[in-house]
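Student: Got a structure for you, written out below as structure tokens; questions coming shortly.
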Amino acid sequence: MVTAAVGSGWLALTSPNTVDDITEVWSLPGSRATLVAMRDAGLVLPRNDPRQYDDLADEWWRPDGVFAMLHWLARARAALVPPATRPGALLVDLGCGAGLLAPHLAGKGYRHVGVDLTRSALAQAAAHGVTAVNGDATAVPLVDGCADVVAAGELLEHVPDWRAAVAEACRLLRPGGLLVLDTLNDTALARLVAVRIAERLPTVPRGIHDPGLFVDDRELVAECARHGVDLKVRGVRPGVPGLLRWLARQVRGAATPAGQAPRIVPTGSRAVLYQGHGRRDG
Ligand SMILES: C[S@@+](CC[C@H](N)C(=O)[O-])C[C@H]1O[C@@H](n2cnc3c(N)ncnc32)[C@H](O)[C@@H]1O
């Protein structure tokens, strides 16, 4: 079953052949996230189980919560997106989560459509102005070439068949459309940093990543090229001064003042985290 918010205009974007059923789905279960539940989620569920995002539903929009770095990355990803060049331009956000990209797109002139497996996250994305589509990034119920921009932020490393998600991203792009993404590399260093070290920190959920799904940057570039997108990649990381100030505030239990979150900056190594952007040919 494919579901979407009634009145979202979603039908107009879809191929009728792919739609089996459409219903309203925005009944969000009550808040359940506690630190214990959050930590336990990864212990009782297999690694990378999407149900973890339901247990973490209250964390999405907490600037200093377990998804803090997603906020920093969303800002950096949005910086790669230029203002829309035509009225009605569409940005499809694959694996949009709770729509953290939305505030950073404000004023750029896109209609922001988000696709995600997790309904509790999508409900929050919808509340932030995202047209929400409950679906799989490897089989997106939208027509070929509908998107001026496709974003895939911190998604590919969660998709068992990341090549299928890349194929969908490229299929959705109109000729000249822009793909922007960030993901974790398939290296020993990324597994060390993002899993072994990060998951020992008190606020990082255990089991949120399956290191077996991390995405080799050269394979990703080659896969995008096969689908007509010339992807340029670069390593990124949090800027050190901002990160140290943020960690110090975390230790003191102090909230991050507006505008003081760490910045994501380019770095010479793609070995852990990297961004990609490229346009579809034609
Ligand atoms: C790490 S979060 C990133 C969310 C968002 N892009 C951001 O940066 O804030 C990964 C998201 O991908 C979603 N996801 C995982 N596998 C998916 C799939 N096959 N199709 C659609 N969404 C998926 C999860 O539900 C989750 O919301």
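Student: Among 208, 197, rank each residue by its count of other Cβ atoms within 10 Å, from fewest to most, as a rough exposure measure.
Tutor: Going from sparsest to densest Cβ surroundings: 197, 208.
Student: Please rank 47, 226, fewest neighbouring Cβ atoms within 10 Å first, as an exposure proxy. Please report the intermediate quantities before stating the final value.
Tutor: Details: 47 15, 226 12.
Ranked by crowding around the Cβ, least crowded first: 226, 47.
Student: Whose amide H sits under 5 Å from the amide H of residue 56, counting only residues 5 or more places off or on another chain, with H placed in the peptide plane?
Tutor: none
Student: What ranking of 217, 161 emerges when the number of other C-beta atoms within 10 Å of each C-beta is taken as an exposure proxy, fewest first? Don't skip to the answer; put the middle values down first.
Tutor: Values: 217 20, 161 12.
Going from least to most buried by this count: 161, 217.
Student: Please give me the summed charge of the neighbours of residue 77: other residues whose Cβ is under 10 Å from its Cβ, Lys and Arg +1, Asp and Glu -1.
Tutor: Computed value for this residue: -2.
Student: Give the separation of the Cα centroids, segment 124-140 to segment 168-246, in Å.
Tutor: About 20 Å separates the Cα centre of segment 124-140 from the one of segment 168-246.
Student: Over segment 27-279, calculate the relative contact order: mean separation of alpha carbon pairs under 8 Å at least 6 apart, over the residue count, as a percent.
Tutor: Averaging sequence separation for qualifying contacts and normalising by length gives 19 percent for segment 27-279.
Student: Count the net charge of all other residues whose Cβ sits under 14 Å from the Cβ of residue 196, scoring Lys and Arg as +1 and Asp and Glu as -1.
Tutor: Values: positive: 47, 191, 200, 206; negative: 199, 210.
Net of charged neighbours comes to +2.
Student: Using the Karplus curve 6.51 cos²θ - 1.76 cosθ + 1.60 with θ = phi - 60°, work out ³J(HN,Hα) for each residue of segment 219-232 in order, rounded to whole Hz, and write x for Gly and Pro.
Tutor: 5, 5, 4, 5, 5, 4, 4, 4, 9, x, 10, 8, 7, 9
Student: Tally Lys and Arg at +1 and Asp and Glu at -1 over the other residues with C-beta under 12 Å from the C-beta of residue 269: what net charge comes out?
Tutor: Details: positive: 234, 237, 270; negative: 217.
Summing Lys and Arg as +1 and Asp and Glu as -1 gives +2.
Student: Please give the direction-averaged projected area of the C-alpha convex hull for segment 121-183, in square nanometres with one decimal. Please list the in-between numbers first.
Tutor: Numbers: hull surface 17.4 nm².
Computed as one quarter of the Cα hull surface, the answer is 4.3 nm².
Student: Roughly speaking, what is the stretch gain from residue 251 to residue 45, that is 0.36 nm per residue apart minus the C-alpha to C-alpha distance, in nm to one decimal? Before the final figure, lay out the partial values.
Tutor: Details: separation 206, 0.36 × 206 = 74.16 nm, distance 2.88 nm.
Contour length minus Cα-Cα distance gives 71.3 nm.
Student: Quick check on packing: order 80-86, 128-134, 227-233, 237-243 by the mean number of other C-beta atoms within 10 Å, highest mean leading.
Tutor: Numbers: 80-86: 12.9, 128-134: 23.0, 227-233: 17.4, 237-243: 15.7.
Top to bottom by mean Cβ count within 10 Å: 128-134, 227-233, 237-243, 80-86.
Student: Convert each backbone phi in segment 154-160 into a coupling constant with the Karplus relation 6.51 cos²θ - 1.76 cosθ + 1.60 (shift: θ = phi - 60°), then list the ³J(HN,Hα) values in order as whole Hz, x for Gly and Pro.
Tutor: With the stated coefficients, segment 154-160 comes to 6, 10, 4, 6, 10, 9, x Hz.
No value in this document is a laboratory result; all are computed from the given coordinates. It should be emphasised that the depicted structure is a prediction, and the values quoted were computed from it without experimental measurement. Please note: Cβ atoms are built from the backbone with ideal geometry, for glycine as well, and neighbour counts cover all protein chains shown.
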